[in-house]
Amino acid sequence: MGAAYFYLLTENTVEQTLMTLIARAGGQGWQIELRGVDQGRMAQLDAALWLGPDDEFLAHGLAGGPHDALQPVLLTVDPATDRACVICVDGAAVSADQVQASQRVCILFNGHDDTALAGARLQWKALTGAGCAAQYWAQENQRWVMKAEAAGQSVA
């Protein structure tokens, strides 16, 4: 049973945060789906991951290639195959069933964007209301601090 981790970005960019989260999830041996809402934005993230520091290279690929199933990190705008970790950016949706089927779902959202904040609140309510475990993390002085937690529970 998976859990949803919400990350309120106020100090680091999405790209900086992705480097950390992908490295940690990959260290668990998990295949990762990086899910967005716009193909152009996914291409930008693809380029950013290729240009990361040499000591933090993250093997990855854009969805639609011949080796999607083999990619350790698959960037997509559509839900991919079953992956242990799903990272959602730019308001990409994730269902309670997808959270339950994964090890972890990470939802990154911009703390300086009212629309992104409202969307994250709606996702939190929907997922926790459906019985998903969830944690809410915020940045404080370049450190991640857990601000809230909801235990997963069965919803009959």
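Descriptive notes on the structure:
- Full extension of the segment from D78 to S95, taken as 0.36 nm per residue of separation minus the current Cα-Cα distance, would add 4.9 nm.
- For the chain, the per residue solvent-accessible surface stands at 53 Å², with DNA, RNA and ligands left out and a 1.4 Å probe.
- The chain - percent of accessible surface contributed by carbon and sulfur, probe 1.4 Å: 52
- Over the chain, Cα pairs under 8 Å with separation of 6+ residues give a relative contact order of 32 percent.
- Our compactness index for the chain, the C-alpha radius of gyration over the empirical 2.2 N^0.38 Å, is 0.99.
- Cubic angstrom per residue, convex hull over Cα atoms of segment 76-156: 104
- Distance between modelled label sites at Q153 and H112, nm, 7 Å Cα→Cβ extension: 3.8
- Using alpha-carbon coordinates, inclination of helix 14-27 to the longest axis of the chain, degrees: 90
The values are calculated or read from the model by the stated rules, or taken from the named source; none is laboratory data. Note that this is a predicted model, so its numbers are computed, not measured. Positions of Cβ are generated from backbone atoms using ideal geometry, with glycine treated the same way; all protein chains shown enter the neighbour counts. Surface areas here come from the heavy atoms of the whole protein model, side chains and all, with no ligands, DNA or RNA. Shrake-Rupley method; radii C 1.70, N 1.55, O 1.52, S 1.80 Å.
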